[in-house]
Amino acid sequence: YVLQIRNVDSVGGLTAVLDQGERVTVIDWNPVAIAVGSPATGINYWRDFDGNGTIGVADLNIVTAHLGHNCRSPLP
C-alpha cells in the first residue's frame, strides 16, 4: 500500500508569515504553470494532481479551481 498525498497549497507554510501556508494563491499556481508539459519526476511529482505521469493543463485547472481557498473554507 502506498499513500500518495498531493496538496494544491504547495508553496510556503512552515513560517511565521500570516496566511502564507494557509491560502492557495498565485504563488502556488506559478510552479504548476511553469511545469506544464514536464514529466512528473522529482519535485514535479507533487504537481501531478491527476496522477497521469505528466504535468498538464488538467493539473493547472485543479490549482486554478482552488485559488483563494484557505483552511477556513468550506467550513468556518
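Read-outs: derived from the displayed coordinates by stated rules, not from any lab. All values reported here derive from a predicted model rather than from experimental measurement. Cβ: placed from backbone, ideal geometry, glycine included. Neighbour counts: every protein chain shown.
Structural remarks
- With a Förster radius of 30 Å applied to the beta-carbon distance between Gln4 and Thr64, the computed FRET efficiency rounds to 0.90.
- Environment charge of Phe49, counting only residues whose C-beta is closer than 13 Å and scoring Lys/Arg +1, Asp/Glu -1: -3
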